[in-house]
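*Asks:* Can you keep this structure in mind? I'll have questions shortly.
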Amino acid sequence: MAKTLNLEIVTPDRKVLSEEVEYVGAPGVLGEFGILPNHVPFLSALGIGNLHYKQDGKAHFVFVAGGFAEVNHNKVTVLAEVAEMATEIDIDRATKARERAESRAQQAKEKLDHARNQAALQRAIARISCQTRGREAGTCS
Ligand code: ATP
């Protein structure tokens, strides 16, 4: 029985990560799901949130938004629309994006696309928490 999984995360622009890991947790559109070695084949669409994986017992965090995750033969392939390692996240940018989304929501203009604004707010909050959780786990300095 295998003890690890190969996790590969790619976006339309680049390969974000390819690592041997012990566990993968990801934000599926229907909720968080977790994958251990020897998992049965599985496919899920991804929402907005933090994927996390364990490597040598340590938790690592990656922001993902949209796309799919596929599990097959101890390989987890994440085809994400957008993905950033916790270390790559620009916190000032995410904080400004959150402030913009909050201020648009407060102004409550009739023309505001609420779903789009809500998604922007969710991305900003998830980016901030991704880096916070990485720092707390000691895997994002
Ligand atoms: P912003 O309003 O700051 O552009 P956004 O949520 O609208 O944020 P996205 O559409 O999710 O941005 O991403 C566009 C591109 O910018 C992607 O390549 C993404 O990786 C990058 N990006 C966005 N925000 C950040 C951030 N805070 N740190 C690092 N990269 C970011």
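The values are calculated or read from the model by the stated rules, or taken from the named source; none is laboratory data. Remember, it's a predicted structure, so these values are computed and weren't measured experimentally. All Cβ positions, glycine included, derive from the backbone under ideal geometry; neighbour counts span all protein chains shown. The accessibility values were calculated without ligands, DNA or RNA, using every heavy atom of the protein model including side chains. Shrake-Rupley method; radii C 1.70, N 1.55, O 1.52, S 1.80 Å.
*Asks:* Under a crude label model (7 Å from the Cα following the beta-carbon direction), how far is Val29 from Met1 in nanometres?
*Replies:* That separation, rounded to one decimal, is 3.3 nm.
*Asks:* Starting from the amide H of Val82, placed 1.01 Å from N in the peptide plane, find each other amide H under 5 Å away whose residue is 5 or more places distant or on another chain.
*Replies:* Ala65
*Asks:* Where the only charges are on Cβ atoms (+1 Lys, Arg; -1 Asp, Glu), what is the dipole of the chain about its Cα centre, to the nearest 20 debye?
*Replies:* Details: 18 positive and 18 negative charges, 76 e Å.
Roughly 360 debye for the chain.
*Asks:* Sequence-distant or interchain residues sharing an amide H contact under 5 Å with Gly28, placed H: which?
*Replies:* So Gly28 has HN proximity to Phe33, Gly47.
*Asks:* Once phi is turned into ³J(HN,Hα) by the Karplus curve 6.51 cos²θ - 1.76 cosθ + 1.60 with θ = phi - 60°, what whole-Hz value does each residue of the stretch 46-51 show in order, with x for glycine and proline?
*Replies:* Going residue by residue, I get 9, x, 9, x, 10, 7 Hz, with x marking Gly and Pro.
*Asks:* On to the next question. Local charge sum around Ile89 (other residues, Cβ-Cβ under 12 Å, Lys/Arg +1, Asp/Glu -1)?
*Replies:* Numbers: positive: Arg93, Arg123, Arg127, Arg133, Arg135; negative: Glu84, Glu88, Asp90, Asp92.
That works out to +1.
*Asks:* When all alpha-carbon pairs of the stretch 5-87 are counted, what percent fall beyond 17 Å? Present the calculation step by step, with values, prior to reporting the outcome.
*Replies:* On the way: 1230 of 3403 pairs.
Result: 36 percent of Cα pairs exceed 17 Å.
*Asks:* Here's another thing I want to ask about it. Full-extension gain between Ser141 and Asp13, please, as 0.36 nm times their residue separation minus the C-alpha to C-alpha distance.
*Replies:* Working: separation 128, 0.36 × 128 = 46.08 nm, distance 2.48 nm.
Extending this stretch completely gives an extra 43.6 nm.
*Asks:* Could you run the Debye sum over the Cα atoms of the chain, one equal point scatterer each and no solvent, and tell me log10 of I(q)/I(0) at q = 0.10, 0.17, 0.21 Å⁻¹, two decimals?
*Replies:* Result of the Debye calculation: -0.35, -0.90, -1.25.
*Asks:* Now for a different question. What whole-number value in Å² describes the accessible area per residue of the stretch 14-107 for a 1.4 Å probe?
*Replies:* Values: 5070 Å² over 94 residues.
On a per-residue basis, 54 Å².
*Asks:* What is the helix-to-structure angle for 91-107, meaning the angle in degrees between its Cα long axis and the longest Cα principal axis of the chain, kept from 0 to 90 and rounded to the nearest 10?
*Replies:* Taking the Cα atoms of the chain, the angle to 91-107 is about 50 degrees.
*Asks:* Now for a separate question. Ignoring ligands, DNA and RNA, what percent of the 1.4 Å accessible area of the chain is carbon and sulfur?
*Replies:* On the way: 4210 of 8280 Å².
Result for the chain: 51 percent of the exposed heavy-atom area is carbon or sulfur.
*Asks:* Here's something else I'd like to know. Which percent of Cα-Cα pairs in the stretch 81-141 sits in each 5 Å bin, short to long?
*Replies:* Histogramming the stretch 81-141 at 5 Å steps yields 4, 19, 25, 20, 15, 9, 6, 2, 1 percent.
*Asks:* Compute the angle between helix 114-137 and the longest alpha-carbon principal axis of the chain, please, reported from 0 to 90 degrees and rounded to the nearest 10.
*Replies:* On a 0 to 90 degree scale, this one is about 50.
*Asks:* Let me ask something else about it. Per the helix-only calculation at 222 nm, which mean residue ellipticity applies to the chain, given -39500 (n - 2.57) for every DSSP H run of n ≥ 4 and division by its residues, nearest 500 deg cm²/dmol? Don't skip to the answer; put the middle values down first.
*Replies:* Numbers: 2 runs with 41 residues, N = 141.
So the helix-based figure for the chain works out to -10000 deg cm²/dmol.
*Asks:* A further question follows. Long-range amide H contacts for Cys140: which residues qualify at under 5 Å (H placed 1.01 Å from N, peptide plane, sequence gap of 5 or more or a different chain)?
*Replies:* Amide H to amide H, under 5 Å and 5 or more residues apart or across chains, Cys140 pairs with Arg135.
*Asks:* Using Cα pairs closer than 8 Å and at least 6 residues apart in sequence, work out the relative contact order for the stretch 5-87, in percent. List each step's numbers first, then the result.
*Replies:* Details: 220 pairs, mean separation 26.8, N = 83.
Averaging sequence separation for qualifying contacts and normalising by length gives 32 percent for the stretch 5-87.
*Asks:* Checking the cross-link filter: which aspartates and glutamates have an alpha carbon closer than 18 Å to that of Lys109, excluding same-chain neighbours under 8 positions apart?
*Replies:* Glu99
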